[in-house]
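First comes the structure, then the notes that go with it.
The values are calculated or read from the model by the stated rules, or taken from the named source; none is laboratory data. Since the structure is predicted, the reported quantities are computational estimates derived from the model, not experimental observations. Using ideal geometry, Cβ is built from the backbone for each residue, glycine included, and neighbour counts are taken over all protein chains shown.
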Amino acid sequence: MSFALGFLNRVYGQTWYPGLYQDALELFVVAEELGFDSGWLAQHHLGSEGWLPSPLILLAAAAQRTRHIRLGTGVVVLPQEDPVRLAEDAAVLDLLSGGRLELGLGAGFDPLVAEAFDQRIEQRQQLFDIKLERLIQALEGQPLTRAGHALQPSAGGLRRRLWQATSRVESAARLGNGLMVAPALSAAELIGRYRQQAQVSGQRPRVALVRGVFPGSSRVAVEREVLADIRRYTDKHRSLGIYPLDAHAPVDQHLAHLGVLHGQPEDIVTALNEEGLMPNLEHFVVQVQTESTDLGSAIRRLELVARHIAPELGWTPARRV
């Protein structure tokens with residue numbers, strides 16, 4: 001079994017603090033040293049669930065501190081972007097990083113953020129489709145004006161490095177875009193549908209499974225550590241009508257619903273093998289942070305993933321010069 005190993009940082013924090021972005025950059029440096037193949041940043045506006053509205057800017061800084069690790073957005077909320085401007089920024093970043101950008105896109109879910117952009121959350125899929133078509137035109141070098149002007153600088157091979165976080169997997173497959181999928185409860189079905197459509201469409205499938213992975217001394221110890229953060233997260237999603245479990249459900253039930261694996265590394269390896277999803281992945285992307293996770297704890301979890309979990313699943317760090 002062979003797959004690329006990545007990490008996702010939602011740039012969490014209970015409050016904003018001046019060193020937050022520096023800590024995020026440090027994770028890229030550490031992850032590259034550990035052999036991770038990719039690092040991904042999530043976009044969040046208005047501090048809704050994270051503190052990074054501009055992931056491409058932070059990835060540009062990460063590009064200057066690293067040499068090999070691929071740099072991904074997981075995800076940019078496309079309905080709230082101008083697609084031509086996004087294409088321009090992405091093309092510049094891809095050039096700065098030596099072609100390391102992986103551009104992940106999503107439709108968003110938060111009605112308050114949509115309101116800030118003078119949109120209705122009900123419009124998000126329609127807006128996503130319209131703007132994705134324009135983004136692809138730009139990345140492919142198609143004319144953007146009647147006079148024939150195209151994207152400058154050109155985007156090189158970036159068109160082949162688009163990803164979608166979506167349940168509309170057939171659309172992503174037909175377009176040849178990669179699929180970013182989470183949580184685990186519906187992952188098998190989504191991956192199966194995506195791969196079937198990719199085969200029909202003659203496209204090369206690319207699947208990235210995003211999982212919360214919290215290794216520790218025991219399941220109970222990890223549950224105690226993340227309890228308050230999980231409660232806040234699920235309360236927020238419940239208030240938006242997109243989270244089904246009762247507020248009083250035990251924390252282990254919430255973690256299972258969210259697809260979070262926790263406990264000793266060997267137990268996490270066993271759980272992943274029993275799920276049977278790993279052979280169907282090109283990328284395995286771990287999230288090791290909740291809102292209260294400090295930098296040292298995040299680094300220790302990345303170390304455990306790279307040294308004691310991923311190798312047992314068949315991952316081998318790339319040899320780098």
Subset tally (residues that are in contact with a His (Cβ under 8 Å, 6 or more places away or on another chain), under 15 Å from VAL207 (Cα atoms), part of a loop (DSSP other than H, G, I, E, B) and not hydrophobic (A, V, I, L, M, F, W, C)) for region 1-40: 1
Condition test on LEU255, is it of a type in the set (A, V, I, L, M), assigned to a helix (DSSP H, G or I) and either modelled with pLDDT under 95 or surrounded by fewer than 15 Cβ atoms within 10 Å (Cβ to Cβ) (or both)? yes
Has region 261-276 got any residue that is within 30 Å of TRP16 (Cβ to Cβ) and either in contact with a Pro (Cβ under 9 Å, 6 or more places away or on another chain) or at pLDDT 95 or above (or both)? yes
Could you count how many residues in region 124-145 are surrounded by fewer than 14 Cβ atoms within 10 Å (Cβ to Cβ) and out of contact with any His (no Cβ under 8 Å at 6 or more places or on another chain)? 4
Might you let me know whether region 108-118 holds any residue that is in contact with a helix residue (DSSP H, G or I) (Cβ under 6 Å, 6 or more places away or on another chain) and within 20 Å of ARG160 (Cβ to Cβ)? no
Residues of region 90-111 that turn out to be surrounded by fewer than 19 Cβ atoms within 10 Å (Cβ to Cβ) and either part of a loop (DSSP other than H, G, I, E, B) or free of Cβ contacts under 8 Å to residues at least 40 places away in the same chain (or both), as a count: 4
Quick one: what pairs do we get from region 270-287, first residue within 16 Å of GLU102 (Cβ to Cβ), second part of a loop (DSSP other than H, G, I, E, B) and at pLDDT below 95, C-beta under 8 Å, 6+ apart or different chains? none
Select, from GLN199, GLN164, the only residue that is in contact (Cβ under 8 Å) with a residue 40 or more places away in the chain and among the polar types (S, T, N, Q). GLN164
Search region 310-321 for residues that are closer than 25 Å to GLU274 by Cβ and pair each with any residue that is part of a loop (DSSP other than H, G, I, E, B) and modelled with pLDDT under 75 when their beta-carbon atoms are under 7 Å apart and the residues are at least 6 apart or on different chains. LEU313/MET1; GLY314/MET1
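Residue-wise test of (1) farther than 19 Å from ASN280 by Cβ; (2) more than 23 Å from the chain's Cα centre (by Cα).
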| site | (1), (2) |
| --- | --- |
| GLY176 | no, no |
| ALA187 | no, no |
| ARG193 | no, no |
| ALA198 | no, no |
| VAL210 | no, no |
| VAL213 | no, no |
| VAL222 | yes, no |
| LYS236 | yes, no |
| GLN264 | yes, yes |
Within region 41-75, track down each residue that is crowded, with 19+ Cβ neighbours inside 10 Å, of a type in the set (D, E, K, R) and in a helix (DSSP H, G or I). none
Among the residues of region 157-171, which ones are within 20 Å of LEU101 (Cβ to Cβ) and of a type outside the set (D, E, K, R)? GLY157, LEU158, LEU162, TRP163, GLN164, ALA165, THR166
Residue satisfying all of: in region 279-300; assigned to a helix (DSSP H, G or I) and more than 17 Å from the chain's Cα centre (by Cα); surrounded by the fewest Cβ atoms within 10 Å (Cβ to Cβ) among these: GLY296
ILE242: hydrophobic (A, V, I, L, M, F, W, C) and part of a loop (DSSP other than H, G, I, E, B), yes or no? yes
